[in-house]
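*Asks:* I'd like to ask you about the structure that follows.
We did not get these values from a lab; they are worked out from the coordinates using the rules stated. Since the model is a prediction, treat every value here as computed from it, not as a measurement. Reconstructed Cβ throughout: ideal geometry from the backbone, glycine too, with neighbour counts over all protein chains shown.
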């Protein structure tokens, strides 16, 4: 494992000077299993950057053992969804996509048969952004199985039609139901509105202006970027996106709306627009395996974590330990 010299010494940013040693001690005692990378920034300055090594995957493709460093791309899995929400906001600011309150099916005129159903015609983009479509969807099976709704969607000839044809199980807007299909719909709306592939719009509208650097966006069998889970970034790049969201330097009006709690997800955590929203304005983006982007505006803090505990029952262990056992206790 290696620590990279920070932009600002921890003690000059309000941390205990032994912050890097605290993280290394956590890893040595096994408290952060499969941890691959950490970037911590406070008030816009990186105060901790750490990389480890371990087995990794690009979605379901094994990469073998990888020694991670500042330039190593890493799956961010469902953090991708939160980036898609930001891209939608950028497109909305430019008048290229409909407002969240508009019907989803206006963006898919080829699905006239679905729009003939008044209930489906009433589905809005906001229902997709909040994962409250009311449609049957279950991602509890492994992400290698067609029993998982996201995998079934990717095996279908038309992923958006697949989502919109799912049977209703409750009224739209009534309950949060985790859905990669919801993100796929939002991604498709961004592509249709901008006239660009999702990865190209991301490059020109977000990544290049922020200096995110190298990225990769894996595609499905249809050649289209996987809006639910396909993005690969460096931890530095992920932290840059988090900093822009925290500072409201990208689509500020939209960002405020995006992070506003709108529907309960689980105890103590609400959901905004494809972001998790907590108390005190805190927010997070989460991905399978332990990928996390924590935003704590009350502390001026951004924490980006990459890890390799894909599909593991304890995949929240490493990122939570980094935040709660190392970073927060080190603030003085």
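*Asks:* For every helix of n ≥ 4 consecutive DSSP H residues, a contribution of -39,500 (n - 2.57) applies; sum these over the chain, divide by its total residues, and give [θ] at 222 nm rounded to the nearest 500 deg cm²/dmol.
*Replies:* Using -39500 (n - 2.57) per qualifying helix, the result is -8000 deg cm²/dmol.
*Asks:* Quick one: Cα convex hull volume of the chain, Å³ per residue?
*Replies:* So the per-residue hull volume is 122 Å³.
*Asks:* Shifting gears a bit: By how many degrees, between 0 and 90 and to the nearest 10, does the Cα long axis of helix 180-194 differ from the longest principal axis of the chain?
*Replies:* Approximately 80 degrees, to the nearest ten.
*Asks:* Another question, if that's okay. Who wins for biggest fluctuation among 70, 209, 319 in a Gaussian network model of the chain, springs between alpha carbons below 10 Å?
*Replies:* The residue with the greatest mean-square fluctuation here is 209.
*Asks:* Now for a separate question. Please give the helix 79-93 orientation as an angle from the longest Cα principal axis of the chain, in degrees from 0 to 90, rounded to the nearest 10.
*Replies:* Tilt relative to the chain: about 60 degrees.
*Asks:* Could I ask something else about it? For region 241-290, just the Cα set please: Rg and Dmax, both in angstrom.
*Replies:* 10.9, 31
*Asks:* Packing-wise, with mean Cβ within 10 Å as the measure, how do 120-131, 156-167, 27-38 rank, highest first?
*Replies:* 120-131, 27-38, 156-167
*Asks:* While we're here: Per residue and in Å³, how big is the convex hull formed by the alpha-carbon atoms of region 191-332? Before the final figure, lay out each step's value.
*Replies:* Details: hull volume 19.4 nm³, N = 142.
Taking the convex hull of the Cα positions in region 191-332, it is 136 Å³ per residue.
*Asks:* Expressed as an acute angle from 0 to 90° and rounded to the nearest 10, what is the orientation of the C-alpha long axis of helix 19-28 relative to the principal long axis of the chain?
*Replies:* Once rounded, the angle reads 80 degrees.
*Asks:* What relative contact order, as a whole-number percentage, does region 158-256 give when Cα pairs under 8 Å and 6 or more residues apart are counted?
*Replies:* 22 percent.
*Asks:* A further question follows. Can you grab the distance from the C-alpha centre of region 316-332 to the C-alpha centre of region 98-154, Å, no decimals?
*Replies:* 36
*Asks:* Averaged across orientations, what area in nm² does the convex hull of the alpha carbons in region 81-192 project?
*Replies:* Approximately 6.7 nm², given one-decimal rounding.
*Asks:* Given a 10 angstrom Cα cut-off, can you work out which residue in 50, 275, 266 is the most mobile in a GNM of the chain?
*Replies:* Among 50, 275, 266, the largest GNM mean-square fluctuation belongs to 266.
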